[in-house]
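Comments concern the structure below.
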Amino acid sequence: MKIFVCIKQVPDTETKIKIASDQAGIDTTGVKWVMNPYDEYAVEEAIKMRDANAGSQVWVLSVGPKARIVESLRTALAMGADEAIAINADGLDNFSTAKALAEVIKTEGGANVVFTGKLAIDDNASSVSQMVAEFLNTPHTTVVSKFSFNGENVVVERDIEGGAKEVVQMMTPAVVAANKGLNMPRYASLPGIMKAKKKTIKDIEFSSLNIPATDLKIKYSNFTLPAEKPAVKMLSGDASQQAASLVTLLRDEAKVL
């Protein structure tokens, strides 16, 4: 059984973001790149599924500049993934990224289950997993916090509004997008890190996938940082005076009343 995990490399949450001079994206100088946190849950669940099903393999793949994304791929290998594929590309939108991932999965013989994170923390688009499933013509479920597999189908619990859970059963192959709480991702062990350094990562050029230029749907431009938040106002006086001041500010300044 073949299990694929699609991961994305994103800026660390503590990175101070700067806009590039052409406003077409961020200035990557000095940015610390890490595996998308939700993808860590996907990698962990894939490894658990493999370990419970003898003869299975976990393949992890990522789209981005090869010189950069191999670091996150090796992190996944150090966690326990068996093989890794780097799809060398830069500046792709979510549509073409999903198409590239799906094409490579097909080329490698398809998958029984494809795991992804529910979203990437850099753009919060939450769309690639659904599009991968569409291109693979498979069922999919997102925001998954519980997963089980019985050999023929998967049963998952997904988080929905109001704190409730929804149970979904899908025949395989299927795409599952992991949410926080699905598991506790393992740390890469020192032996795992050393072994990952020696593994060969398969390289695929995006241009070799024959995805038409017309499929590149979005041209990024006019990036700006959010406006600075106004200073906090402290209300003085007793409770009744503070309440009156708050109402005045909400009505006259914030104009929400």
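Among the numbered criteria (1) closer than 30 Å to L77 by Cβ; (2) outside the structural domain of T97 (by TED's automatic domain parsing); (3) not small (G, A, S), which one does I201 miss?
(2)
Given the conditions (1) modelled with pLDDT of 90 or more; (2) more than 22 Å from the chain's Cα centre (by Cα), and given that N210 satisfies all but one, which numbered condition is not satisfied?
Condition not satisfied by N210: (1).
Six or more apart or on different chains, Cβ atoms under 8 Å: show the pairs whose first residue is in region 10-22 and under 22 Å from L73 (Cβ atoms) and whose second is in a strand (DSSP E or B).
The qualifying pairs are V10/W33; V10/V34; V10/M35; P11/I26; P11/W33; P11/V34; D12/W33; D12/V34.
Pull up region 205-220, narrow it to residues that are surrounded by 10 or more Cβ atoms within 10 Å (Cβ to Cβ) and among the charged types (D, E, K, R), then point me to the one that is nearest to Q23 (Cα to Cα).
Once the filter is applied, the top-ranked residue is K217.
Anything in region 171-219 that is more than 19 Å from F4 (Cβ to Cβ) and assigned to a helix (DSSP H, G or I)? List them, or say none.
Within region 171-219, L190, P191, G192, I193, M194, K195, K197, K198, S207, A213, T214, D215 meet the criteria.
What's the total number of residues in region 145-164 that are of a type in the set (G, A, S) and either modelled with pLDDT of 95 or more or in contact with a strand residue (DSSP E or B) (Cβ under 7 Å, 6 or more places away or on another chain) (or both)?
Of the residues in that region, 2 qualify.
Residues checked against (1) in the same structural domain as L136 (by TED's automatic domain parsing); (2) at pLDDT 95 or above; (3) within 20 Å of N210 (Cα to Cα); (4) of a type outside the set (G, A, S):
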site	(1), (2), (3), (4)
V10	yes, no, no, yes
K16	yes, no, no, yes
G30	yes, no, no, no
Y41	yes, yes, no, yes
E44	yes, yes, no, yes
V60	yes, yes, no, yes
A89	yes, no, yes, no
F95	yes, no, yes, yes
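This table checks each residue for (1) in the same structural domain as Q23 (by TED's automatic domain parsing); (2) without any contact (Cβ under 8 Å) to a residue 60 or more places away in the chain; (3) under 30 Å from K16 (Cα atoms).
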{"residue": "N222", "(1), (2), (3)": "no, no, yes"}
{"residue": "V232", "(1), (2), (3)": "no, yes, yes"}
{"residue": "D238", "(1), (2), (3)": "no, yes, no"}
{"residue": "A244", "(1), (2), (3)": "no, yes, no"}
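The values are calculated or read from the model by the stated rules, or taken from the named source; none is laboratory data. Given the structure is predicted, the values throughout are model-derived calculations rather than measurements. When we count neighbours, we look across all protein chains shown, and the Cβ atoms used for this are built from the backbone with ideal geometry, even at glycine.
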